[in-house]
Amino acid sequence: MTSPASSTLHPAPDLSGSTLVRAARQQPVPHTPVWFMRQAGRSLPEYREVRKDVAMLTSCRTPELVTEITLQPVRRHGVDAAIFFSDIVVPLQAVGVDVDIVAGTGPVIAEPIRTRADLDRLPQLTPEHVPDITESVQLLTAELGDTPLIGFAGAPFTLASYLVEGGPSKNHERTKALMHGDPQLWSDLCARLAQISGAFLRVQAQAGASAVQLFDSWAGHLSRADYLRHVEPHSRAVLEGVADLGVPRIHFGVGTGELLPAMADAGADVIGVDYRVSLPDAVERTGGRYAVQGNLDPALLFAPWEALEARVREIVEEGRSAPGHIFNLGHGVLPQTDPTVLTRVVELVHEISAR
Ligand code: CP3
């Protein structure tokens with residue numbers, strides 16, 4: 001495999017001493033690191049300005065825009081990590097899937113994948129499909145200096161749900177019908193998606209990302225038995241496929257209280273916890289072996305400051321039960337969030353966790 005020549009010109013920075021990476025590795029930190037899922041996005045006026053004439057997926061494929069948008073929340077909030085500005089459907093688009101991101105709706109797929117012939121049209125991802133991603137990560141890590149960049153990908157189940165349903169789905173009925181009606185086709189589809197996600201993570205880590213997060217946002221819609229049988233092996237393939245790169249791996253889903261042990265054991269270093277499960281419960285369920293990330297309810301950012309402050313203090317305290325804690329929300333920043341509140345939360349977490 002060829003790697004872009006420029007990667008040798010800009011060696012990836014070693015940010016293993018950053019609070020994010022240290023907390024993920026269960027090493028002592030001077031303060032609890034904090035970042036927010038969807039910290040880049042519509043909550044920021046500077047984001048709305050940059051995006052006003054540019055389609056979502058066009059912005060994701062334009063390195064200068066990716067760099068600017070990724071940096072915006074770092075500049076404004078002083079968070080301890082940047083999350084790469086992209087989307088879980090970017091690698092699908094890169095291999096030729098006709099996908100659009102519709103504002104207020106989410107990804108919409110022109111020709112859903114429901115048959116063997118459909119799957120045969122879905123190629124593997126190679127670095128040559130995404131030279132812009134390598135370039136974006138290199139531009140970003142040069143600008144970010146000491147702040148680590150988190151790369152990410154969608155997990156096979158969540159990607160499969162979009163591909164099979166053709167768009168966002170409340171009940172994932174076509175997806176589950178395929179999983180149970182044609183387990184071989186389901187497995188082959190997820191294996192292909194695991195290759196695509198794994199390759200997408202590799203490109204980001206090799207270009208300089210200091211950690212990676214696998215988003216299985218909709219896995220909480222599955223029973224534990226279905227997760228273990230039909231999904232976990234594929235997510236494991238993604239996570240184990242990047243183990244050799246030495247970057248911490250964060251595994252996150254929504255409503256996954258019943259799945260936390262399985263998701264942690266699938267090859268994660270850090271388990272993402274949504275707001276439904278307390279951090280001490282998450283620690284107990286995962287045997288105290290994993291760092292945790294979470295878990296402020298994003299809706300609480302709309303509560304009076306006193307109530308929000310009390311909850312932030314509680315979460316920082318609860319995080320001490322874990323061998324490592326990265327403060328985050330239980331899911332993404334809501335678009336109407338007042339960004340000045342996010343900045344205040346960062347300052348508060350830093351202040352009360354200083355040691
Ligand atoms: O700041 C960050 O967190 C980085 C960027 C990021 C985006 N998408 C940008 C985005 C990340 C990590 C994602 C991942 C993603 N995309 C997930 C997993 C995380 C999760 O939220 O559970 C999922 C399920 C998607 C699919 C997707 N893309 C949805 C559901 C939406 C929202 C649709 C809407 O308009 O409400 C998108 C679009 C999207 N991805 C936006 C952003 C900033 C909004 C686009 C806009 O500004 O109009």
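Which residues, counting only those in the range 214-252, are open to solvent by 10 Å² or more (accessible area, probe 1.4 Å) and among the hydrophobic types (A, V, I, L, M, F, W, C)?
Scanning the range 214-252 gives 215, 218, 222, 225, 228, 237, 243, 245, 247.
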Which number in (1) near the ligand (Cβ under 10 Å from one of its atoms); (2) modelled with pLDDT of 95 or more marks the one condition that residue 100 misses? (1)
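Given the residues 203, 212, 247, which is the only one that is over 20 Å from residue 290 (Cα atoms) and either touching a helix residue (DSSP H, G or I) at 6+ places or on another chain (Cβ under 9 Å) or not charged (D, E, K, R) (or both)? Steps first, please.
Details: 212 fails: over 20 Å from residue 290 (Cα atoms); 247 fails: over 20 Å from residue 290 (Cα atoms).
Answer to the check: 203.
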For the structure I just gave you, tell me whether residue 267 is more than 17 Å from the chain's Cα centre (by Cα) and not in a helix (DSSP H, G or I). no
Could you check, for the range 74-90, whether at least one of its residues is near the ligand (Cβ under 10 Å from one of its atoms), in a loop (DSSP other than H, G, I, E, B) and without any contact (Cβ under 8 Å) to a residue 60 or more places away in the chain? yes
Go through the range 332-355 and give me each residue that's more than 16 Å from the ligand (Cβ to nearest atom) and either of a type in the set (Val, Ile, Thr) or assigned to a loop (DSSP other than H, G, I, E, B) (or both). 338, 340, 341, 349, 352, 354, 355
Of all residues making up the range 274-318, the number that are under 19 Å from residue 254 (Cα atoms), in contact with a strand residue (DSSP E or B) (Cβ under 7 Å, 6 or more places away or on another chain) and assigned to a helix (DSSP H, G or I): 5
Filter the range 302-331 for residues that are open to solvent by 10 Å² or more (accessible area, probe 1.4 Å) and within 16 Å of the ligand (Cβ to nearest atom) and give the result. 331
If you scan the range 34-62, which residues turn out to be within 19 Å of the chain's Cα centre (by Cα), away from the ligand (no atom under 12 Å from the Cβ) and not hydrophobic (A, V, I, L, M, F, W, C)? 61
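Okay, residues lined up against (1) open to solvent by less than 10 Å² (accessible area, probe 1.4 Å); (2) at pLDDT below 95:
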| position | (1), (2) |
| --- | --- |
| 7 | no, yes |
| 10 | no, yes |
| 15 | no, no |
| 33 | yes, no |
| 49 | no, no |
State the number of residues belonging to the range 103-125 that are within 10 Å of the ligand (Cβ to nearest atom) and either assigned to a loop (DSSP other than H, G, I, E, B) or without any contact (Cβ under 8 Å) to a residue 24 or more places away in the chain (or both). 3
Test of understanding: among 143, 165, which residue is within 30 Å of residue 19 (Cβ to Cβ), open to solvent by 10 Å² or more (accessible area, probe 1.4 Å) and of a type in the set (Asp, Glu)? 143
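The values are calculated or read from the model by the stated rules, or taken from the named source; none is laboratory data. Remember, predicted model here, so these are calculated numbers, not experimental data. Every residue, glycine as well, gets a Cβ built from its backbone with ideal geometry; the counts of neighbours run over all protein chains shown. Heads up: the accessible areas ignore ligands, DNA and RNA and are worked out on the full protein's heavy atoms, side chains in. Shrake-Rupley method; radii C 1.70, N 1.55, O 1.52, S 1.80 Å.
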